[in-house]
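The values are calculated or read from the model by the stated rules, or taken from the named source; none is laboratory data. Only a predicted model underlies this, so the values are computations on that prediction, with no experimental measurement involved. Note: ideal-geometry Cβ built from the backbone for every residue, glycine included; neighbour counts use all protein chains shown. Please note that ligands, DNA and RNA were not included when accessible areas were found on the heavy atoms of the full protein model with its side chains. Shrake-Rupley method; radii C 1.70, N 1.55, O 1.52, S 1.80 Å.
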2 protein chains.
Amino acid sequence: MTTAQKPVVTVLTAPGEPAPPGIEAIKARAVVRFACDEQTLRETLPGTDVMMVTDFRTDALEAAWPAADNLKWIHATSAGVDALMFPALIDSDVAVTNARGIFDRTIAEYVLCTILMFAKDFPGSIRLQMKREWKHRDTERAEGKQVLVVGAGSIGRQIARLVNAIGLHAHGIARTPRHDDPDFIAVHGNEELYEQLGHADYVVIAAPLTPQTEGLFDARAFAAMKPSARLINIGRGPIVKTEALIQALDAGEIAGAGLDVFEEEPLPADHPLWQRENVIMTAHMAGDFIGWNRALIDQFLENFDRWHKGEDLFNRVNKTLGYAGA
Amino acid sequence: MTTAQKPVVTVLTAPGEPAPPGIEAIKARAVVRFACDEQTLRETLPGTDVMMVTDFRTDALEAAWPAADNLKWIHATSAGVDALMFPALIDSDVAVTNARGIFDRTIAEYVLCTILMFAKDFPGSIRLQMKREWKHRDTERAEGKQVLVVGAGSIGRQIARLVNAIGLHAHGIARTPRHDDPDFIAVHGNEELYEQLGHADYVVIAAPLTPQTEGLFDARAFAAMKPSARLINIGRGPIVKTEALIQALDAGEIAGAGLDVFEEEPLPADHPLWQRENVIMTAHMAGDFIGWNRALIDQFLENFDRWHKGEDLFNRVNKTLGYAGA
């Protein structure tokens with residue numbers, strides 16, 4: 001392959017989002033084009049060999065799909081690939097890879113922090129501090145508490161490792177039940193979800209958004225949880241039915257929620273979740289450590305070099321399941 | 001010993017503080033008297049065999065000390081015994097024990113939570129939430145960060161275990177340096193404090209308040225810390241010179257502070273610490289888990305039974321050092 005035959009990589013960002021830092025490293029190995037919506041995609045897709053998608057909410061690719069006349073591989077710089085799982089792409093021969101692994105550790109630290117903040121009532125302490133109010137409370141021990149991780153992929157596994165390491169007990173929910181998993185006390189099958197929800201002090205959603213998980217946390221799921229339990233969602237917003245969550249919080253069916261993802265993002269300023277003192281909220285940032293952009297580019301380049309040499313891609317997404325397997 | 005010869009236990013609480021829950025269990029084994037200040041102590045001390053002191057800030061005992069005519073043992077229901085280390089008691093034959101062990105795990109969970117909250121900027125997220133503001137930020141990874149635990153007693157050791165368990169690196173400062181400690185990467189001698197302060201991302205004060213530690217964290221100590229470092233104090237307030245801390249925060253010599261203890265408690269509403277966004281504050285409650293009162297009574301009773309049988313007391317305080325050894 002000569003310089004003239006460099007492959008064409010189209011980078012799809014969100015409208016107004018700057019090019020990822022470190023993109024220069026890709027320019028040394030490929031012709032790089034940029035797109036940010038359906039219109040620019042229709043112009044850049046013809047002749048494109050590889051796509052890097054940084055906008056995990058995009059609907060532009062499905063709209064512009066007929067213009068993809070030479071596409072072999074799409075890499076998503078996110079763990080969730082739900083926005084790419086449209087029928088035409090699923091049915092095509094185009095490979096899809098994701099950023100599996102990059103965010104695991106940081107998300108697990110975020111989840112552990114959220115669990116401990118609930119136990120120690122730190123949200124209450126910060127509110128009291130802002131009011132200059134000295135108010136002693138007795139708070140909970142986290143030790144020995146049961147954590148149910150829904151989704152035992154690489155993120156869920158890292159969460160289990162961290163909480164087990166400090167004496168909590170992590171159980172998992174996944175397609176394949178197993179009792180010999182090194183990171184979970186036990187992994188229970190999907191059909192045991194409602195029973196297991198009744199045992200957990202903390203329920204952590206670490207699942208991909210798929211037709212099977214969309215709306216999974218509804219009134220029935222909350223009714224199955226302990227009144228003292230907290231829900232933590234670092235997966236995808238639409239896995240939780242927000243209205244049902246608010247009703248469960250209002251009714252005391254669960255004790256609190258830690259949310260990094262929402263059905264609607266950014267969450268509108270008039271949304272009723274903001275002012276709830278038993279909800280901890282962040283702006284879809286649980287995994288985004290300082291330097292994550294560069295780490296994503298490095299991961300893409302490693303896979304790009306494999307692809308260029310004709311080797312197997314890693315982090316390949318199973319398009320039937322909608323996520324990357326182990 | 002007949003029923004008529006039951007030993008006399010005087011319980012010294014803070015003024016207005018209710019009797020500890022579970023105190024009935026002591027009444028079955030001893031004549032129990034209550035005192036809450038110098039005056040009531042002068043009335044109850046004559047004939048008292050054993051004291052249980054629940055007010056860790058008391059100065060009443062020193063004032064009433066001449067009335068202690070038969071005292072053999074004082075148990076403090078706190079880890080810190082600084083309020084008891086007055087000359088007349090130090091010079092006497094009266095044994096002192098403390099609540100070593102009861103608060104270790106909960107305090108360690110509190111410290112780990114504070115570290116993770118600084119890394120993830122959860123105080124900022126809660127303030128943004130209260131303003132209904134969606135604002136994405138990149139935050140820090142905690143993994144690999146260095147934690148310097150000043151004071152390698154049972155609380156410091158538990159802190160080291162927890163932070164090491166999730167991939168941070170705990171070093172200690174103590175009287176006796178050692179490199180074969182099972183819970184610390186290394187324990188450095190007191191004389192290495194200022195050098196070690198320069199390596200730490202988090203400095204945790206888990207030392208007792210003694211003449212050696214009072215005011216230890218002064219301008220010199222803060223100048224030795226990294227500008228990115230945070231101080232966490234779960235020991236005793238007077239170990240930190242508050243004015244020097246505020247100056248160090250203002251000058252950017254350190255990046256933040258997590259404080260459960262203060263030179264003045266309760267901290268007055270007009271104190272400048274309250275409104276600092278890089279300070280996390282709680283009301284001297286880091287160790288106080290739900291059920292701690294009962295756990296303290298159970299611990300006292302275990303030691304009381306030993307004392308009654310003439311056996312050695314556990315958690316005995318070395319009155320020269322001012323804390324209980326291993």
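Do we have A:Asn303 as more than 14 Å from every other protein chain (Cβ to nearest Cβ), farther than 30 Å from A:Glu192 by Cα and touching a residue at least 12 places away in the same chain (Cβ under 8 Å) here? For A:Asn303, the condition - more than 14 Å from every other protein chain (Cβ to nearest Cβ), farther than 30 Å from A:Glu192 by Cα and touching a residue at least 12 places away in the same chain (Cβ under 8 Å) - is met.
Of these, B:Ala170, B:Ala229, B:Ala224, which one is over 30 Å from A:Arg161 (Cβ atoms) and of a type in the set (A, V, I, L, M)?
Working: B:Ala170 fails: over 30 Å from A:Arg161 (Cβ atoms); B:Ala229 fails: over 30 Å from A:Arg161 (Cβ atoms).
Within the list B:Ala170, B:Ala229, B:Ala224, the selection yields B:Ala224.
I want to confirm something. Restricting to segment B:108-151 and keeping residues that are more than 16 Å from A:Thr106 (Cβ to Cβ) and among the aromatic types (Phe, Trp, Tyr), which single residue is least open to solvent (accessible area, probe 1.4 Å)? So, considering only residues that are more than 16 Å from A:Thr106 (Cβ to Cβ) and among the aromatic types (Phe, Trp, Tyr), the one least open to solvent (accessible area, probe 1.4 Å) is B:Tyr110.
For segment B:152-191, residues that are surrounded by fewer than 24 Cβ atoms within 10 Å (Cβ to Cβ) and part of a loop (DSSP other than H, G, I, E, B) total 13. At pLDDT 95 or above, in contact with a Phe, Trp or Tyr (Cβ under 6 Å, 6 or more places away or on another chain) and within 14 Å of chain B (Cβ to nearest Cβ), is that true of A:Ala283? Yes; evaluated as a whole, the condition is true for this residue.
Just to be sure, is A:Gly237 within 30 Å of A:Arg141 (Cβ to Cβ), of a type outside the set (Asp, Glu), open to solvent by less than 10 Å² (accessible area, probe 1.4 Å) and within 14 Å of chain B (Cβ to nearest Cβ)? Talk me through it step by step, then tell me what you get.
On the way: within 30 Å of A:Arg141 (Cβ to Cβ): no; of a type outside the set (Asp, Glu): yes; open to solvent by less than 10 Å² (accessible area, probe 1.4 Å): yes; within 14 Å of chain B (Cβ to nearest Cβ): yes.
For A:Gly237, the condition - within 30 Å of A:Arg141 (Cβ to Cβ), of a type outside the set (Asp, Glu), open to solvent by less than 10 Å² (accessible area, probe 1.4 Å) and within 14 Å of chain B (Cβ to nearest Cβ) - is not met.
The lone criterion from (1) free of Cβ contacts under 8 Å to residues at least 24 places away in the same chain; (2) on the phi < 0 side of the Ramachandran plot; (3) within 14 Å of chain B (Cβ to nearest Cβ) left unmet by A:Gly258 is number (1). For A:Asp69, are the conditions met, namely being open to solvent by 10 Å² or more (accessible area, probe 1.4 Å), touching a Lys or Arg at 6+ places or on another chain (Cβ under 8 Å) and farther than 18 Å from A:Thr58 by Cβ? Here the answer is no, as A:Asp69 does not meet what is asked. Residues in segment A:294-321 that are open to solvent by 50 Å² or more (accessible area, probe 1.4 Å) and not in a loop (DSSP other than H, G, I, E, B): A:Arg294, A:Asp298, A:Glu302, A:Asp305, A:Arg306, A:Trp307, A:His308, A:Arg316, A:Asn318. When you look at B:Pro21, is it without any contact (Cβ under 8 Å) to a residue 60 or more places away in the chain and open to solvent by 20 Å² or more (accessible area, probe 1.4 Å), yes or no? When the stated conditions are applied, B:Pro21 does not pass them. Considering B:Ala229, B:Ala219, the condition of being among the small types (Gly, Ala, Ser), surrounded by fewer than 19 Cβ atoms within 10 Å (Cβ to Cβ) and over 25 Å from B:Phe103 (Cα atoms) is satisfied by B:Ala219 alone. Test A:Ala200 against the criterion of being away from chain B (no Cβ under 14 Å) and either in a loop (DSSP other than H, G, I, E, B) or surrounded by 21 or more Cβ atoms within 10 Å (Cβ to Cβ) (or both), and give yes or no. For A:Ala200, the condition - away from chain B (no Cβ under 14 Å) and either in a loop (DSSP other than H, G, I, E, B) or surrounded by 21 or more Cβ atoms within 10 Å (Cβ to Cβ) (or both) - is met. Checking the structure you have, find out if any residue of segment B:101-116 is over 24 Å from B:Asn278 (Cβ atoms) and either free of Cβ contacts under 8 Å to residues at least 12 places away in the same chain or small (Gly, Ala, Ser) (or both). Within segment B:101-116, one or more residues are over 24 Å from B:Asn278 (Cβ atoms) and either free of Cβ contacts under 8 Å to residues at least 12 places away in the same chain or small (Gly, Ala, Ser) (or both). Report, by residue number, each residue of segment A:254-290 that is more than 16 Å from B:Thr139 (Cα to Cα) and buried (at least 19 other Cβ atoms within 10 Å of the Cβ). Listed by number, the residues that qualify are A:Ile254, A:Gly256, A:Ala257, A:Gly258, A:Leu259, A:Val261, A:Phe262, A:Leu267, A:Val279, A:Ile280. Quick check on my filter: what residues within segment B:266-321 are under 24 Å from B:Met85 (Cβ atoms) and hydroxyl-bearing (Ser, Thr, Tyr)? Correct list: B:Thr320 only.
Matching residues to (1) more than 8 Å from chain B (Cβ to nearest Cβ); (2) within 16 Å of the chain's Cα centre (by Cα); (3) acidic (Asp, Glu):
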{"residue": "A:Asn98", "(1), (2), (3)": "yes, yes, no"}
{"residue": "A:Ile102", "(1), (2), (3)": "yes, yes, no"}
{"residue": "A:Tyr110", "(1), (2), (3)": "no, yes, no"}
{"residue": "A:Ile115", "(1), (2), (3)": "yes, no, no"}
{"residue": "A:Pro123", "(1), (2), (3)": "no, no, no"}
{"residue": "A:Ile126", "(1), (2), (3)": "no, no, no"}
{"residue": "A:Met130", "(1), (2), (3)": "no, no, no"}
